[in-house]
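Below is one structure, written out as C-alpha cells; comments come after it.
The values are calculated or read from the model by the stated rules, or taken from the named source; none is laboratory data. As the structure is a computational prediction, the values presented were derived from the model and not from experiment. In this analysis, Cβ positions are derived from the backbone assuming ideal geometry, glycine residues included, and neighbour counts consider all displayed protein chains.
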Amino acid sequence: MIKFNLKLIVLSFLLLFSLRPIQSAEMVDPIKVDWSFKGLTGTFDRASLQRGFQVYKEVCASCHSMQYLSYRNLGEPGGPEFSEQEVKAIAASFEIEDGPDSQGEMFTRPGKPSDKFKSPYPNVQAATAANGGAYPPDMSVLVKARKGGANYIYSVLVGYEDPPPGVTLDDGVYYNKYMAGNKIKMPNNLMDGLVEYADGTESTVDQMAKDVTTFLAWAAEPELEERHRTGVKVIIYLILLTTLVYLSMKKIWSRVDTEV
Amino acid sequence: MSEHEYVPKSKAGKWFNDRLPLLTLGAHLTDYPTPKNLNYWWTFGGILTFCLITQIVTGIVLAMHYVAHADLAFASVEHIMRDVNYGWLIRYIHSNGASMFFLAVYIHIFRSLFYGSYKSPREVIWIIGLMIYLLMMAAAFMGYVLPWGQMSFWGATVITNLFSAIPLVGDSITTWLWGAYSVDNPTLNRFFSLHYLIPFLILGLVVLHIWALHVPGNNNPVGIDIKKPSKDTVPFHPYITIKDAFALLVFMIIFAGFVFFTPNVLGHSDNYIPANPLVTPAHIVPEWYLLPFYAILRSVPDKLGGVILMFGAIFILFVLPWLDTSKVRSAVFRPIYRQFYWIFVLDVLMLGYVGAMPAEGIYLVLARVGTIYYFAHFIIVMPVVGLLEKTDPIPMSISEPVLTGGAEPSLARKVNDKV
C-alpha cells in the first residue's frame, strides 16, 4: 500500500516537473563548466585565483566594488594565497582615505592588508551616474547572488554576440545571450591578450573569464575549502557514531520482543 | 503516567526533592511507559527538540555579531560569514536549521494526521502543537527578513501588506506593524526583537506540549489505548532514548550534508543582493516551507479572500479533532480514509510546488483546484468518511493478535483491560 502510494507521489511529481519548460522557454541555460571547486572535495585552483585577481584588478575594478573583502583575505588559506610580502605590496598600491586625524582632517595613505578593497566610486549613486544609469553591482557575493552561480557569471562574460536581426539596442546597451532579457549595460570588456599574466598563461577571453569567475567564486565563498574539508570529517564521524548507536540500539531492544 | 512513588536514595536528594520534586520529574521522564511499537515516524519529536535548541544556541551567537539596522544588517551578515571565527558555520547551521526544523515538523504533523494522534484524548497536545507551528512560521519569516537582502525586504513587504486587506483599519494596522510608511529600519528592528523572543515562547509551549503528552501517554501506530505500564510498553530510557538518538544522528547526517555541501540550495539567490526598495525582484517567493500557504493566498482573485483562506488553511487544523468523526484513530485500520490521506499529502505537495511558480496559466488552475481540495479534505472528507467507513478489525493490544470480526475500539479496550 505504502509502496504504491510512494510511486503515485513520485509519478505525480515527475508530471509536475515536466511542466517546467513552459515557464523558462525564453531563457538560455548557462554553459556548464567543470570547476575545480565543485563537488564534495572541490578546491580552488590557486594559480587561477591569482590570475583571476589580476583580471579583476586590471579590468573589473574600474567599475565594480568588492567592499566586503580585505586585502589580507588574498593571503589567507583557501584563497589565492599570495605571500605576505605580495599582499602588503598589493595593499600599498592603493591610496586609502583615512581619518579624521588629530586636526580633524581626512587624509590618504597607502593601503594596509587590513583595509577593505578600495571601491572605484564613493557611493552607489556616483557609480550609477558614471555608468549610464546602471549600477555595476558589488562583486563580493555576486556568484551567490545569481541563479546559476559561477556558470552564469562565466557564461555572461563569454556570451556577447551581435544582436539577432530585428533586435535594436539603445546606445550603451549590449546583446548578451545569457543575460536575463538578453540586454546588458556592461560592454564586452574582455579581448584576447588584454592582460599579461605573470605566470605566462595565454590570456584568451575564455581563460580570463574562467580565472576571474574562479576568483569571484572564492570571494563569495572564501570558506569553501574549509567547509568541504570539515564537512567530509563531520559526515564520516556521524556515520561512525550512527553505526555504534545503531548496534547499541539493537542490543538494548533485543531484550524485548519488538523489532526496531 | 507512572503511578509508583519515587524516593531519592541519598539524604540530600530526599531533602531537595521534598522541596522541589525535580528528581521525581527526572524519574518520571526516565520510566515514562512508552508503547513499544512506535515506529521511526515517532522519533521526530526528539528531533524537533534538537532543532529548537540548535536554532536558539546558534541564534544567540549570531545575535552577538549581527546589527539590526537597515544600512548595516547586510554588511554585518557578511562580517559574520568572513571575519567571525566559524561564523559561516554558525550562520549556515542556523539558516539550514530553519529548513530542517520545518522538514521535521511537517513529518511530525503528517504522522499525527495518519495515526490520528490529534483525536481524543490528545486534542490539547494537538492544539499546543499548532500554536508552536504558528510561532515557528512567524519566527522563520522574521528571521528571513534579518539579512536584509532583496527577498527579505520584498517578502516582508508582501506579507505585511496582507494585513492591509482588513476592512477599514487595514492600512492603519499595516503602518503600525511597519513602524513607518513602508518596510524600513523600524520594521527590521522590531522583527529582530520578536525573532529573538519567539523561540523562547516556543520553548515554553514545548514544555506544555510534552506535559500534555505525558498525561494520556503516546499514541501508537495501532492507535488503540494501552495499559501502562504493561507488556505493551517499554520505559522511555533506555529504549526510546537510544532509538531517538539513532534517528537524530541519521537526521544530522542529512542536515550536515546541506550545511557543508549545499548551504544555499534552500535559499534564494536574490537574498545575496542587498535590499533595494526601488527594484522589485521578478518573482517574490517565500521560503519553501511557506509555499503551500502562499499558493492558497494567490489562488484567490480577491486580496481579503486570499488572506482569509490562507489563515483559514491553518486555523481549520485547530478544529480537526472535532471534524474527524471516526471512532478509530490509526489510518492503518481505515482503508478509505487512508486513500484520502495520501491524496491530501499529494495535494499539499502540489500546492507547495505551484506556490514556487508564477501565479498564471496552468499553475493558477492547479493552485485553485488544490486549494478547494485542501478545504474539502477537512470539511467534507474527514466528517463523512469517518461516519460511513467500515474500518478493518483492530487488535486488542499491541502484543495480541487482531480481534476478528469487528472494529469496536471500545470492545478492544475492554478486553485489553482484562489482560
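Looking only at the range A:125-171, residues that are under 18 Å from B:Tyr272 (Cα atoms) and not in a helix (DSSP H, G or I) come to 14 in all.
When the range A:86-139 is filtered for residues that are among the polar types (S, T, N, Q) and free of Cβ contacts under 8 Å to residues at least 12 places away in the same chain, the ones remaining, listed by number, are A:Ser102, A:Gln103, A:Asn123, A:Gln125, A:Thr128. For the condition under 23 Å from A:Glu202 (Cα atoms) and either of a type in the set (Gly, Ala, Ser) or in contact with a Gly (Cβ under 9 Å, 6 or more places away or on another chain) (or both), A:Ala47 qualifies. Each residue in the range B:318-337 was checked for being buried (at least 20 other Cβ atoms within 10 Å of the Cβ) and either basic (Lys, Arg) or out of contact with any Gly (no Cβ under 8 Å at 6 or more places or on another chain) (or both), and 2 pass.
Return yes or no: is B:Arg111 of a type in the set (Lys, Arg), crowded, with 22+ Cβ neighbours inside 10 Å and part of a helix (DSSP H, G or I)? Taking the combined requirement at face value, the residue does not satisfy it.
Filtered by the rule that a residue be over 16 Å from B:Phe102 (Cα atoms) and buried (at least 21 other Cβ atoms within 10 Å of the Cβ), the range B:271-288 gives B:Asn271, B:Tyr272, B:Ile273, B:Pro274, B:Ala275.
Filtering the range B:355-373 to residues that are free of Cβ contacts under 8 Å to residues at least 60 places away in the same chain and within 12 Å of chain A (Cβ to nearest Cβ) leaves B:Met357, B:Glu360, B:Gly361, B:Ile362, B:Tyr363, B:Val365, B:Leu366. The residues of the range A:162-195 include none that are acidic (Asp, Glu) and touching a residue at least 60 places away in the same chain (Cβ under 8 Å).
If you go through the range B:89-135 and keep only what is β-branched (Val, Ile, Thr) and more than 10 Å from the chain's Cα centre (by Cα), you end up with B:Ile90, B:Ile93, B:Val124, B:Ile125, B:Ile127, B:Ile128. Residue check: B:Met382 meets all listed conditions (1) within 14 Å of chain A (Cβ to nearest Cβ); (2) within 23 Å of the chain's Cα centre (by Cα) but one, namely (1). Anything in the range A:204-233 that is away from every other protein chain (no Cβ under 14 Å) and either among the hydrophobic types (A, V, I, L, M, F, W, C) or under 11 Å from A:Gly52 (Cα atoms) (or both)? List them, or say none. Across the range A:204-233, the qualifying residues are A:Val205, A:Gln207, A:Met208, A:Ala209, A:Lys210, A:Asp211, A:Val212, A:Thr213, A:Thr214, A:Phe215.
Yes or no: A:Ala198 crowded, with 20+ Cβ neighbours inside 10 Å and either touching a residue at least 40 places away in the same chain (Cβ under 8 Å) or within 14 Å of chain B (Cβ to nearest Cβ) (or both)? Here the answer is no, as A:Ala198 does not meet what is asked.
One residue stands out in the range B:328-347 among those that are in a helix (DSSP H, G or I) and more than 11 Å from chain A (Cβ to nearest Cβ): the one that is farthest from B:Ser397 (Cα to Cα), namely B:Phe344. Of all residues in the range B:1-60, those satisfying the criterion of being among the aromatic types (Phe, Trp, Tyr) and surrounded by 18 or more Cβ atoms within 10 Å (Cβ to Cβ) are B:Tyr32, B:Trp42, B:Phe44, B:Phe50. Condition check for B:Ala73 on (1) within 14 Å of chain A (Cβ to nearest Cβ); (2) under 27 Å from the mean Cα position of the chain (by Cα); (3) aliphatic (A, V, I, L, M): one failure, at (2). Of all residues in the range B:75-92, those satisfying the criterion of being of a type in the set (A, V, I, L, M, F, W, C) and in a helix (DSSP H, G or I) are B:Ala75, B:Val77, B:Ile80, B:Met81, B:Trp88, B:Leu89, B:Ile90. Listed by first and then second residue, the pairs with beta-carbon distance under 7 Å, at least 6 apart or on different chains, first residue in the range B:279-298 and within 28 Å of A:Gly133 (Cβ to Cβ), second assigned to a helix (DSSP H, G or I), are B:Thr280/B:Trp154; B:Pro281/B:Gln150; B:Pro281/B:Met151; B:Pro281/B:Trp154; B:Pro281/B:Asp270; B:Ile284/B:Trp154; B:Ile284/B:Gly155; B:Ile284/B:Val158.
The residue of the range A:1-37 that is nearest to A:Thr230 (Cα to Cα), among those that are at pLDDT below 95, more than 9 Å from chain B (Cβ to nearest Cβ) and in a loop (DSSP other than H, G, I, E, B), is A:Asp29. For the range B:211-223, the condition holds for at least one residue, the condition being that it is under 21 Å from the mean Cα position of the chain (by Cα), without any contact (Cβ under 8 Å) to a residue 24 or more places away in the chain and more than 12 Å from chain A (Cβ to nearest Cβ). Selection over the range A:75-93 of residues that are within 13 Å of chain B (Cβ to nearest Cβ) and either among the hydrophobic types (A, V, I, L, M, F, W, C) or surrounded by 20 or more Cβ atoms within 10 Å (Cβ to Cβ) (or both) gives a count of 2.
Looking across the range B:239-281, just one residue is at the interface with chain A (Cβ under 8 Å from one of its Cβ atoms), among the aliphatic types (A, V, I, L, M) and in a loop (DSSP other than H, G, I, E, B), and that is B:Ile273. One residue stands out among those in the range B:133-158 that are surrounded by fewer than 21 Cβ atoms within 10 Å (Cβ to Cβ) and β-branched (Val, Ile, Thr): the one that is nearest to B:Tyr196 (Cα to Cα), which is B:Thr157.
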